[in-house]
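Please find one structure pasted underneath; my questions will follow.
The values are calculated or read from the model by the stated rules, or taken from the named source; none is laboratory data. Since we're looking at a predicted model, the values are computed, not measured. Backbone-built Cβ (ideal geometry, glycine too); neighbour counts: all protein chains shown.
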Amino acid sequence: MLSFQPLGGLWAYSTDGGSMSWLTKKLPVSINQRLINKNDRNDTMAFTEGWTAQEVTIEELAGAILSGYAYSAQFSGNRKTSNFQSGGFVSVDVDAGISLDGAANIDIVEQSATMIYTTASHTEEVHRFRIVFALEEPITDAREFRALTRSLALKIGGDTAATDPVRVFFGNDKADITVFDGGLCRDQVNELIDQSFNAVTTSHGAETSEKKTQRSLKSVAPDQSVRTADNREARLEELARSTTIYCPFHHDTNPSAFVIVSQRGINGIHCSACEASFWPSNSDRFDFYSFDDAAKNAAEKIAADKSDELDEVFWRPETRPGEIEFLNQQYVSVAPASPGVTFIKSQKGPERRSF
Ligand SMILES: [Zn+2]
């Protein structure tokens, strides 16, 4: 049962008779009393100076935000990613057209959010807010903290670019704040880290010299119900290779995933937003045709003039999308190549596949 009680200017929901309350848990954060709202005092040094490492409850953090103070994770020395030390709260910015009510109805928010507050640019018409999750255990690895933030942003439809582990979160002395007795337990945190860990270590590998750890991903059931790009509900196992679908693992409005098939004919899902492939457990977790499938999917997007949705394997901001051509002939003959770089991938061995 949820009860509703006023709490010094805030509203807090708490569960009756729960064994543990997230509201009394003290977690690491750093708070900056020099950085007020969106730096009202134009104190340019306040982005680097004035940070104090503290352990606070969610209500104390809410109090700091209402005082206009900025917060971040804990770090040593200057505020930069390589100095990340510990984070007890994960924050996701939402400004992509999702309403406060809409966000509150997303499963993970309903079940595990600890605080929602409106940010300075919030208006009645355009909702802008931040959702904060308390963690059962603080995270001390910058890559894990980034992966967790990214996965939560994907699930909620928040800003997946705002994942810097030592990002500054501004306070707001005019915020509407709601505090919930919720948080992310260890198992949920691990699952969320797994979903984005490979993506963040690929794009942010320079953050660490440690060897990349391969983590196993959440698996998908063969009869998982998925929604295809043309809005049909279907079971994953009955869909053809390369079918474009909405990703069931994040708040996907695009759609940004497609069906992949393993060598043994088992269907899986590759999502270009999650930058991950999901397979049924116990299946062979390697798809020998995944490159070909991704190329085919990319060619379709280029043909449909949707190259902005391309996976970055096929398109990077500094290049323009090229042409992708599939040939099925004994000797390769390429029509006059366009200016730029042309890559050719050939099928190895005697096997031939046609598209
Ligand atoms: Zn996804």
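When both residues are 6+ apart or on different chains and their Cβ atoms are under 9 Å apart, which pairs have a first residue that lies in the stretch 328-355 and is under 24 Å from GLU300 (Cβ atoms) and at pLDDT 70 or above, and a second that is of a type in the set (Val, Ile, Thr) and surrounded by 10 or more Cβ atoms within 10 Å (Cβ to Cβ)?
Pairs that qualify, where the first residue is under 24 Å from GLU300 (Cβ atoms) and at pLDDT 70 or above and the partner is of a type in the set (Val, Ile, Thr) and surrounded by 10 or more Cβ atoms within 10 Å (Cβ to Cβ), are GLY340/THR319; VAL341/THR319.
Quick one: count up the residues across the stretch 55-78 that are touching a residue at least 60 places away in the same chain (Cβ under 8 Å), surrounded by 15 or more Cβ atoms within 10 Å (Cβ to Cβ) and of a type outside the set (D, E, K, R).
13
Could you go through the stretch 167-178 and let me know if any residue there is surrounded by fewer than 23 Cβ atoms within 10 Å (Cβ to Cβ) and under 18 Å from ASP107 (Cβ atoms).
Within the stretch 167-178 (the criterion being surrounded by fewer than 23 Cβ atoms within 10 Å (Cβ to Cβ) and under 18 Å from ASP107 (Cβ atoms)), the answer is yes, since at least one residue qualifies.
Here's something else I'd like to know. What are the residue pairs meeting all of these: first residue in the stretch 248-264, first residue over 13 Å from LYS301 (Cβ atoms) and of a type outside the set (Lys, Arg), second residue within 11 Å of the ligand (Cβ to nearest atom) and assigned to a loop (DSSP other than H, G, I, E, B), Cβ atoms under 7 Å, and 6 or more apart or on different chains?
Partner pairs satisfying both residue conditions: PHE249/LYS218; PHE249/CYS274; HIS250/ALA273; HIS250/CYS274; ASP252/TYR246; ASP252/ALA273.
Considering only the stretch 280-318, state which residues are part of a helix (DSSP H, G or I) and at pLDDT 75 or above.
Start the filter on the stretch 280-318 by keeping residues that are part of a helix (DSSP H, G or I), which leaves 290-303, 307-309.
Hits for the stretch 280-318 are ALA295, LYS296, ASN297, ALA298, ALA299, GLU300, LYS301, ILE302, ALA303.
Could you list, in sequence order, all residues of the stretch 241-279 that are outside any loop (DSSP other than H, G, I, E, B), among the hydroxyl-bearing types (Ser, Thr, Tyr) and under 22 Å from ASP194 (Cα atoms)?
First pass over the stretch 241-279, keeping only residues outside any loop (DSSP other than H, G, I, E, B): 244-245, 257-261, 267-271, 276-278.
When the remaining residues are screened for being among the hydroxyl-bearing types (Ser, Thr, Tyr), the result is 244, 277.
Scanning the stretch 241-279 gives a single hit, SER277.
Anything in the stretch 231-261 that is under 15 Å from ALA221 (Cβ atoms) and more than 9 Å from the ligand (Cβ to nearest atom)? List them, or say none.
Result: GLU233, ALA234, ARG235, LEU236, GLU237, GLU238, LEU239, ILE245, VAL259.
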